[in-house]
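Q: A single structure is presented below for examination.
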């Protein structure tokens, strides 16, 4: 296992040659490539609706299948990289990501669409804990803070680049439902090579250990940090779920903008702002960034609601920028606090538990939006969503302000 100073077993075993191996930036690149694949379909759902024929509720159900797969993998194998090592789990995640891309390339109806999202969720579930831990553990002691930012930025940056890439290719290149997944397969091949070259950061990894589903496992000494951090993450990820699952429909149906590149750019903007927000966290301070981030998130949600009422694309983009910034502030603070508080031999499992809470936020509210859109209309559903999540974010911010995260 990696010690808390950043010296890893892989580095010790590698000797001089290990020192020349790729470090945490390469692990962050692998993380970003894997996460980009999970959001590639976002601007394409409208095309799938036209080709296959399904409702807005089905769009959110397809998205929820992805989130459920993420949560299931985190619960079943969230700590597996603590046992078998980071590299094997990263390679397995790339395998699931490649299988997902192939499902979309072969797409012939809802079954393969569901399969693609399910496999994509498995990849994201494996990456969330293992890649985050690998990036942080590969950094030398003096670069730990930079590595923590690299991990969260790779996560959010990858998620944002997926819809931007697919929107641009779908709008301006041939084969709108095929080309982007072929491109991603090439990126996955690069990520596999990088992963093979990475040093292993888990000392004495076991060979083929049995899976021991642990559910949500958080060491007792970490819970004082985990509770406020995960509540804030839930609220922030709910906003990300809205933009990832149904924002393109808002853009096309409510705002009457039918350019797929614009839809992808709107989704990209919320993740770009999240990355920018993460960069501000050290200046604000991790404990303070939780309530401040929730406050900025509430402002973003109010702007999103205003954009739906006024049918204004600029207001929607402003909502994405403010909401993403707030989410990024809180998310990096939460992940840094949880990772620092977790003992090395439980770090992967603890981070995975954190992501279980976050991905619950990204899935359940979005399905509610789809159900309301069928019963009412998309704009009303979005307004109800914005109001409910604003309440949750306000509660999370108040809790984090009144109970600053501390280790028990």
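Q: Once you have the Cα-Cα distance between residue 256 and residue 374, take 0.36 nm times their residue separation minus that, and quote the gain in nm to one decimal.
A: 40.6 nm
Q: How large is Rg over Rh for the stretch 243-345, taking Rg from the Cα atoms and Rh as the Kirkwood inverse mean of 1/r across Cα pairs?
A: Rg/Rh for the stretch 243-345 comes to 1.09.
Q: Okay, next question. So for 321, 91, fewest C-beta neighbours within 10 Å to most, what's the order?
A: 91, 321
Q: Taking only Cα atoms and a 10 Å spring cutoff, compute GNM fluctuations for the chain and point out the largest among 362, 68, 196.
A: The residue with the greatest mean-square fluctuation here is 196.
Q: Restricting the calculation to Cα positions, tell me the Rg (one decimal) and the Dmax (whole number) of the stretch 103-180 in Å.
A: Spelled out, the Cα radius of gyration and Dmax of the stretch 103-180 are 16.4, 51 Å.
Q: I would also like to ask the following. Given the Cα-Cα distance of residue 47 and residue 145 and 0.36 nm per residue of separation, how much length would full extension add, in nm?
A: Gain on stretching residue 47 to residue 145: 31.1 nm.
Q: Same structure, new question: Arrange the peptides 381-387, 229-235, 147-153 so that the one whose residues have, on average, the most other Cβ atoms within 10 Å appears first.
A: Descending packing order for the listed peptides: 229-235, 147-153, 381-387.
Q: Okay, moving on. If you average the sequence gap of Cα pairs under 8 Å that are 6 or more apart and divide by the length of the chain, what percent do you get for the contact order?
A: RCO, the chain: 26 percent.
Q: Let me ask something else about it. So which residue, out of 368, 319, 85, gets the largest mean-square fluctuation from a GNM of the chain using Cα contacts under 10 Å as springs?
A: Per the Cα network of the chain with a 10 Å cutoff, 368 tops the list.
Q: Quickly work out the residue 276-to-residue 178 label distance, labels modelled 7 Å from Cα along the C-beta direction, and quote it in nm with one decimal.
A: 3.8
Q: Give the Cα extents of the stretch 301-408 along the principal axes, in whole Å, largest first.
A: 49, 24, 23
Q: So, one more: Quick one: divide the alpha-carbon radius of gyration of the stretch 71-148 by 2.2 N^0.38 Å and tell me what you get.
A: Output field value: 1.29.
Q: Here's something else I'd like to know. Could you grab the relative contact order for the stretch 95-251? Cα pairs under 8 Å, six or more apart, rounded to a whole percent.
A: Taking the mean separation of contacting Cα pairs over the length of the stretch 95-251, I get 20 percent.
Q: Starting from the exponent 0.38 and prefactor 2.2 Å, build the expected Rg for the stretch 230-281 from its residue count and divide its actual Cα Rg by it.
A: Normalised Rg, Cα atoms only: 1.27.
Q: Additional query: So how do 192, 294, 122 line up by other beta-carbon neighbours within 10 Å, fewest first?
A: Taking fewest neighbouring Cβ atoms as first place, the list is 192, 122, 294.
Q: Which of the peptides 350-357, 22-29 is most tightly packed, and how do the rest follow, judged by the mean count of other Cβ atoms within 10 Å per residue?
A: Descending packing order for the listed peptides: 350-357, 22-29.
Q: Just from the alpha-carbon atoms, what are the Rg and Dmax of the chain in angstroms?
A: 19.9, 64
Q: Out of all Cα-Cα pairs in the stretch 180-230, roughly what percent, to the nearest whole number, are more than 15 Å apart?
A: For the stretch 180-230, the fraction of Cα-Cα distances above 15 Å is 73 percent.
Q: Okay, next question. Taking the Cα atoms only, what angle lies between the long axis of helix 378-402 and the longest principal axis of the chain, rounded to 10 degrees?
A: 40
Q: Identify which of 347, 212, 379 has the largest mean-square fluctuation in a Gaussian network model of the chain, with springs joining Cα atoms closer than 10 Å.
A: Most flexible of the set in this elastic network: 212.
Q: Would you kindly state how much longer the chain becomes between residue 403 and residue 110 on full extension, computed as 0.36 nm times their sequence separation minus their alpha carbon distance, in nm to one decimal?
A: Length difference between fully extended and current span is 100.9 nm.
Just so you know, all these numbers are worked out from the coordinates, no wet-lab data involved. All values derive from a computational prediction rather than experimental measurement. With ideal geometry, Cβ positions are generated from the backbone for all residues, glycine too; neighbour counts draw on all protein chains shown.
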